[in-house]
Amino acid sequence: MDNQLNSLIKINDANGTARIDVRGSLTQASRPELILEIRRVRRMGISSPITVDLSQAAFVESSALAGLRFDLNTLDAGAWQVSSRPAPGVLLEVFSSRDTVAEARADFTALTDPAGLTEAQVDAGFRPLSTYSSHELLAASDSVFALLDDPAGRSGHELLARYEAIGEEIARRESTESAVQHATPS
C-alpha cells in the first residue's frame, strides 16, 4: 500500500480560508506530514478554520484518523494557551455530501431492534447491527464518529445514540468471544 499523503493545499486570499485536499493515503506514517502542512498553513496567517478534505483519499486508516483528532486537539490547546482567543480549529470532511452518504450507506444506520424495521427500511437495505460483519461494524463506527465531528452535520443526539448502539454491539461481541474462550478448555 502506498503511504503517501498526496495533498493539495488551496488558499483563498480573498476570504482568508484554506483547504487541504488529501488524495493519497492517511496512515500512521503519513499523519505527521499532514500535521506539518496544517502548521505551515497557520504560519501563513490563515486565522479561519482550515478544512481538511479526506473524502477523496485513496485510503484512510481509522487509527490514523483517531491520532489526527488527538493531534488537532493538542494544536488547538497550544494555540489557546498562546492567545486569549479560541483556536480557529481544523474541520475534517470525511464524506463529500451528507445526503449522498446517508443514501449510499443505509446499511450503516444503527438499528438494534429487528422488529422495529419497517418494510421500506428493509427494502432500502437497513438491517439490525447484529447482522453486521465485524468489518462493517467498525466501518459504521468510523462513519458515525466522523459525522459527530462535523458541526454542521445532523442531529447530535441521534448520531450519538447510533454511535453508542454500535459500541454496545461491539462490546457484546467481545464479551461473547471472551466467554467462549474462557469456556473452551486449552
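The values are calculated or read from the model by the stated rules, or taken from the named source; none is laboratory data. The structure presented is a predicted model; accordingly, all values stated were derived computationally and were not measured. Ideal geometry is used to build each Cβ from the backbone, glycine not excepted, and the neighbour counts take in all protein chains shown. Just the protein is used for accessible areas: all its heavy atoms, side chains included, with ligands, DNA and RNA removed. Shrake-Rupley method; radii C 1.70, N 1.55, O 1.52, S 1.80 Å.
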Exercise for the section: Check Val144, Val180 and return the single one that is open to solvent by 70 Å² or more (accessible area, probe 1.4 Å) and either closer than 30 Å to Gly89 by Cβ or at pLDDT 75 or above (or both). Expected result: Val180
Fill in the blank from the handout: Quick count over segment 147-177, residues being in contact with a helix residue (DSSP H, G or I) (Cβ under 8 Å, 6 or more places away or on another chain), basic (Lys, Arg) and either surrounded by 17 or more Cβ atoms within 10 Å (Cβ to Cβ) or modelled with pLDDT of 80 or more (or both), is 2
Practice task
Of all residues in segment 56-70, count the ones that are closer than 28 Å to Asn15 by Cβ and surrounded by fewer than 17 Cβ atoms within 10 Å (Cβ to Cβ).
Solution key: 2
Practice task
Could you check, for segment 91-103, whether at least one of its residues is open to solvent by less than 50 Å² (accessible area, probe 1.4 Å), in contact with a strand residue (DSSP E or B) (Cβ under 9 Å, 6 or more places away or on another chain) and at pLDDT below 80?
Solution key: yes
Practice task
Give the residue that is most open to solvent (accessible area, probe 1.4 Å), with candidates limited to residues of segment 1-47 that are part of a loop (DSSP other than H, G, I, E, B) and of a type in the set (A, V, I, L, M, F, W, C).
Solution key: Met1
Handout entry: segment 117-141, subset surrounded by 16 or more Cβ atoms within 10 Å (Cβ to Cβ) and part of a loop (DSSP other than H, G, I, E, B), residue modelled with the lowest pLDDT
Key = Phe126
